Amino acid sequence: MKATAKVITIFLVFAALVAGASSIVITEENEYSLVRQFGKIDHVVSEAGISFKIPFIQSVDTLPKQILLYDLSSSDVITSDKKTMICDSYILWHITDPQKFAQTLNSSITNAESRLDAIVYNSTKNIISSTSQDDVISGRNGELSAAIMQNIGNSLEQYGIELLSFETKKLDLPSDNKAAVYERMISERDNIAATFTAEGSSEAQMIKNTTDKEVTVLLSEAEKEAAILIAEGEAEYMRILSEAYNDESKQEFYSFVRSLDALKSSMRGNNKTVILSPDSPIAQIFYGR
């Protein structure tokens, strides 16, 4: 009897230990714990730490709480001007409502990624199909990603998911028509540059013609003013001379100065010899007559 009681006691202690261990729920910082009872979610543990469940009746599933990255497969998309492009992108997402996530996607990350793939691809296709190829290429600075995120909107809330970011790793042309498109784009840019150059040259010529005209007018006015000043100066000079030599006593000196000027003008080169006749006015100066 004592042996039987001892065995029963050991069994009860072991069963208590097993029950106690199976009733403990340890939730990590980066996960949700879903406590199920008969397969149905009874409650969700969102905070990290230790909690309890009913042993043997309730079970626990876990879902990731951290931000997840999903790399979408490359796909062909067609722009509004019927040009094919290759889009290679990735998304950042996380679970915001683990109970809704478990109910709609069966707690499967694979199912969630499959649903995200379809929704994001459809949104990307819709946005790019309404955008020209040039605008798609120029929208790589974030405009395209913002438009796709806006198009998706709150459609993922029904799955307990939030899409945090959509980014394109590669948005390029197929290799078979890449060279032709680049040549067309270069040609268009060359035409634009040639137009700007021609307009600039025309503007420059107009400015040059206007400037030349203004310079010609200014030079003409300056020459006119100079001629007037010279004429006025010569007239003043002649007036001053006339007043200076109006007196008979000064006329002789004036004749003397003019004779010296004439003699100076006649002496050119290295030959400084002048032959004068005795009755020459200049000779009269030296004779003192």
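The values are calculated or read from the model by the stated rules, or taken from the named source; none is laboratory data. Please read all numbers here as calculations on a predicted model, not as lab measurements. Counting neighbours? That spans all protein chains shown, and the Cβs are built from the backbone with ideal geometry, glycine included. Remember, those area values only see protein heavy atoms, side chains included, never the ligands or the DNA or RNA. Shrake-Rupley method; radii C 1.70, N 1.55, O 1.52, S 1.80 Å.
So here's what we get for this one:
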item: Count - residues of segment 69-88 that are open to solvent by 60 Å² or more (accessible area, probe 1.4 Å) and of a type in the set (K, R); result: 1
item: Tally of residues being in contact with a helix residue (DSSP H, G or I) (Cβ under 6 Å, 6 or more places away or on another chain), closer than 19 Å to D97 by Cα and not aliphatic (A, V, I, L, M) across segment 55-83; result: 1
item: Odd one out for S129, checked against (1) open to solvent by less than 50 Å² (accessible area, probe 1.4 Å); (2) within 27 Å of the chain's Cα centre (by Cα); (3) small (G, A, S); result: (1)
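Rundown of residues vs (1) charged (D, E, K, R); (2) at pLDDT 70 or above; (3) open to solvent by 40 Å² or more (accessible area, probe 1.4 Å), yes/no style:
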| position | (1), (2), (3) |
| --- | --- |
| I8 | no, no, yes |
| V13 | no, no, yes |
| V18 | no, no, yes |
| A21 | no, no, yes |
| I26 | no, yes, yes |
| E31 | yes, yes, no |
| K40 | yes, yes, yes |
| V44 | no, yes, yes |
| E47 | yes, yes, yes |
